[in-house]
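A.B. asks: My questions will all concern the structure given below.
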Amino acid sequence: MKTFIKAKALVRNPLYAEQRRKCLIELGGVRIDEPMAALVKSMNDLPYCFTLQSCYGHFLHSGQKDRQNLNPLPAKAPSTLIKYRIAYIALCIENNVKGRALLAALSACADIDCRYVQFGSAEWFWQRQVNSYVLQVEPQPFRFQDTAMLDYREALIVEKCRNELFPRLAKLTAKPEGSPASRISGNTGNTATEVPARAVRRSHAAKFTEGLLDEACILKELAVRVGQTVLDAGCGNGYMSKIFAEQVGRKGTVYAVDKDRCFIQALKEETGGTNLHAIEGDITRSGGLKAASVDIVYISTVIHVLSAAQLQSFIREVERLLKPGGFLAIVEIEKAETSFGPPLHLRYAPEELKSAVAMVPVNTVPVGGHFYMQLFRKEKM
């Protein structure tokens, strides 16, 4: 999509209710692709979001010239390249607890296949409606375009991703049988946490905290300086890695490490030749980085998915990598009932982290919503 950018953080919007009312009236006269109709309705039934635009995605080729066709790809490859008009849904989200839970769950949808499914904002929408976001199905190299020319093999992959994304969104926003509440709207039982918790456990690299953390607070507390070396452990899509890279400047270095090959490959393509080095690897195992070479190790919403043995292995590697006096920064979700996030038994309270990590605890800092950052320091020799 043109003007596609990384997902912006939710901002205060006192005009949300009136904007939602007007937009839903306008949508009454807009043609919606038939396969999207039920999904759009279910989203607009949620009081904390409303849709702006959508497209089911259209494949044009030698055997299909109708720009609005909804047909699947043919069983046999056509004689020409396939022109793909992107599948997407754009929506506005209210900045409240339920909206933030929905934002996290939508962001996690990129784990369908990060090479073809992107979640972010679009500057064109944001200028007209703050807190607007887009889920689109498009090959990474074409993510800033509205159309793409594809060979048959890649078109089949795109079609498969689209056919998985929209039913997943429908399930996410559907009302449970016999209940007026959506799957994210409650505050009791397992209903409220089901989708976001499963998303986090499935893949910590699902951009879960993008747009939810106070990045300025994190940078201030870590006091990231020009020339430093930062390791973003379990970096996911690397949005914090890129922020760190800006802070340390050309004289500094950022290592972004994750075991998800899709995210690392995309990050390499985006940041190749810069001071950010994307590395495919397991953060719980010793890697190829030199001992005592890192000033700050940053890890966000990953610790809770590690086993006790994995956590201790990770801590040993951190102690090996950190320079004397270096810092480990752990961002986690608070251990309290929330409408999103992992089950309580997987979460760490700050005191539990301090007991589990054999380093010197420093500050515990709130970093947005229900998240906190616990800092540890490696003792100087």
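The values are calculated or read from the model by the stated rules, or taken from the named source; none is laboratory data. Note that the structure is predicted; figures quoted are calculated from it, not measured. Every residue, glycine among them, receives a Cβ derived from its backbone with ideal geometry; neighbour counts consider all protein chains shown.
A.B. asks: When only residues in the range 151-175 that are aliphatic (A, V, I, L, M) and buried (at least 22 other Cβ atoms within 10 Å of the Cβ) count, which is modelled with the lowest pLDDT? Please lay out each step first, then the result.
C.D. replies: Step one: list which residues in the range 151-175 are aliphatic (A, V, I, L, M), which gives 155-158, 165, 169-170, 172, 174.
Adding the requirement that they be buried (at least 22 other Cβ atoms within 10 Å of the Cβ) leaves 155, 158, 165, 172.
On the way: A155: 95, V158: 96, L165: 95, L172: 86.
It comes out as L172.
A.B. asks: Assess whether R12 counts as being of a type outside the set (S, T, N, Q) and either under 30 Å from G238 (Cα atoms) or in a strand (DSSP E or B) (or both).
C.D. replies: Values: of a type outside the set (S, T, N, Q): yes; either under 30 Å from G238 (Cα atoms) or in a strand (DSSP E or B) (or both): yes.
So R12 fits the description; yes.
A.B. asks: Then there is this: Output the residues belonging to the range 208-233 that are among the hydroxyl-bearing types (S, T, Y) and either over 25 Å from S121 (Cβ atoms) or not in a loop (DSSP other than H, G, I, E, B) (or both).
C.D. replies: Once the filter is applied, which keeps residues that are among the hydroxyl-bearing types (S, T, Y) and either over 25 Å from S121 (Cβ atoms) or not in a loop (DSSP other than H, G, I, E, B) (or both), the range 208-233 yields only T229.
A.B. asks: Identify, from the list L322, L306, L353, L328, the residue that is within 26 Å of the chain's Cα centre (by Cα), at pLDDT 95 or above and under 16 Å from V257 (Cα atoms).
C.D. replies: Result of the check over L322, L306, L353, L328: L328.
A.B. asks: Taking C114 as meeting all but one of (1) among the hydrophobic types (A, V, I, L, M, F, W, C); (2) in a loop (DSSP other than H, G, I, E, B); (3) surrounded by fewer than 23 Cβ atoms within 10 Å (Cβ to Cβ), write down the number of the exception.
C.D. replies: (3)
A.B. asks: Quick test for you: out of G368, G287, pick the one residue that is within 25 Å of the chain's Cα centre (by Cα) and either at pLDDT below 95 or not assigned by TED's automatic domain parsing to the domain that holds G238 (or both).
C.D. replies: The conditions single out G368.
A.B. asks: On the given criteria, is A278 within 14 Å of V297 (Cα to Cα) and not charged (D, E, K, R)? Steps first, answer last, please.
C.D. replies: Working: within 14 Å of V297 (Cα to Cα): no; not charged (D, E, K, R): yes.
No; evaluated as a whole, the condition is false for this residue.
A.B. asks: Let me ask something else. Specify the residue that is modelled with the lowest pLDDT; the eligible residues are those in the range 228-275 that are under 18 Å from the mean Cα position of the chain (by Cα) and at positive phi.
C.D. replies: G236
A.B. asks: For residues that are under 16 Å from C92 (Cβ atoms) and β-branched (V, I, T), tally how many sit in the range 119-172.
C.D. replies: 2
A.B. asks: Which of the strands (runs of 3 or more DSSP E) found entirely inside the range 43-107 contain at least 1 residues meeting this: in contact with a His (Cβ under 9 Å, 6 or more places away or on another chain) and crowded, with 18+ Cβ neighbours inside 10 Å?
C.D. replies: 82-85, 87-93
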